[in-house]
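Asks: First the structure, then my questions, so here it is.
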Amino acid sequence: MGTIELVQGDITKLNVDAIVNAANESLLGGGGVDGAIHRAAGGELLEECKKIGGCPTGEARITKGYKLPAKYVIHTVGPIWRGGHKDEIDYLRNSYLNSLKLATSNNVETIAFPNISTGVYGFPKKSAAEIAVNAVKGYLDKNKLPKKVIFVCFDDENFEIYRDKLKG
Ligand code: AR6
């Protein structure tokens, strides 16, 4: 079964096969981790994203990584938190699962995830971590690829939540 690792820092620096982007439905860039990924990858990433023509919440799309150390960027759109009664939990789980499916079908061995939806989109961090870890563990149980999933936490609060969750 694949392994799970925890890292604190900037996802754009990681030398992995694929990094996941917490994008919006336009796929045309934004702030947060999305802005950082587009800046680091360079303008060709936006050109490829324009051709895709957007992505619905909970789904994922793959592009090349261009100037990033990562070969691919898997763009997924997490849900905007609206209080918990708009299927946010299912959408967030689907963002993780659909990103993992794209990783498998593209022979990705190592993939790094940011804490999708926990920034501007306002998803409560503890519950987002629970969903993320359960989705990834369940997927790794049943699939040969990816071999390694790295959770990349940027802020201290997420890092501590994941550290506690992955301890036991
Ligand atoms: N590396 C890793 N994680 C990061 C980085 C980085 N360089 N920068 C921020 N984070 P957010 P969302 C963390 O707001 O909530 C964008 O404008 C951050 O600490 O980037 O899914 C998109 O275009 C947080 O834990 O994404 C959308 O419009 C996590 O990344 C919208 O924001 C996610 O925060 C998506 O909102």
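The values are calculated or read from the model by the stated rules, or taken from the named source; none is laboratory data. Because the structure is predicted, anything quoted here is derived from the model rather than measured. We place every Cβ from the backbone using ideal geometry, glycine too, and count neighbours over all the protein chains shown. When the accessible area is computed, the model is the full protein with side chains, heavy atoms only, and any ligands, DNA or RNA have been set aside. Shrake-Rupley method; radii C 1.70, N 1.55, O 1.52, S 1.80 Å.
Asks: Tell me which residues come under 5 Å, amide H to amide H, from Ile150 once H is placed; ignore anything under 5 positions away on its chain.
Replies: Amide H neighbours of Ile150, under 5 Å, 5+ apart: Glu5, Ile111, Ala112, Phe113.
Asks: Could you give the nm distance between label points at Lys167 and Lys71, where each point is 7 Å from its Cα heading toward the beta carbon?
Replies: 3.7
Asks: Step through the table entries Lys125/Lys165; Lys13/Lys67; Lys13/Lys165; Lys13/Lys137; Lys71/Lys148; Lys86/Lys165, compare each Cα-Cα distance with 18 Å, and write down the pairs that go over it.
Replies: Beyond 18 Å between Cα atoms: Lys13/Lys165; Lys13/Lys137; Lys86/Lys165.
Asks: Using only Cα atoms, locate the centre of region 26-40 and the centre of region 72-93, then give the distance between them in Å, rounded to an integer.
Replies: 17
Asks: Assuming a ≥ b ≥ c are the square roots of the Cα gyration tensor eigenvalues, decide whether the chain counts as rounded (a/c under 1.5), prolate (otherwise, with a/b larger than b/c) or oblate.
Replies: It comes out rounded by the Cα gyration axes.
Asks: Set the Förster distance to 25 Å, then compute FRET efficiency between Asp155 and Lys64 from the Cβ-Cβ distance, nearest 0.05.
Replies: Calculated transfer efficiency: 0.35.
Asks: Something else about it: Could you calculate the contour length gain from Glu130 to Lys144, that is, 0.36 nm times the residue separation minus the distance between their Cα atoms, to one decimal place in nm?
Replies: 2.8 nm
Asks: I would also like to ask the following. Report the extension gain between Met1 and Glu25 in nm, rounded to one decimal, defined as 0.36 nm multiplied by the number of residues separating them, less their alpha carbon distance.
Replies: The Met1-Glu25 span can extend by a further 5.4 nm.
Asks: In region 3-167, what percentage of the DSSP-assigned beta bridges are antiparallel, given to the nearest 5?
Replies: Of the beta bridges lying entirely in region 3-167, close to 20 percent run antiparallel.
Asks: Can I ask one more? Return the carbon/sulfur percentage of the accessible area of the chain, one whole number, probe 1.4 Å, all protein chains in place.
Replies: With neighbouring chains kept in place, the figure for the chain is 49 percent.
Asks: How far is it, in nm, from the label point at Arg82 to the one at Leu46 when both lie 7 Å from their Cα along the line to the Cβ?
Replies: In this crude spin-label approximation the distance works out to 2.9 nm.
Asks: Give me the 1.4 Å probe accessible area per residue for the chain, excluding ligands and nucleic acids, in Å².
Replies: Each residue of the chain exposes 49 Å² on average to a 1.4 Å probe.
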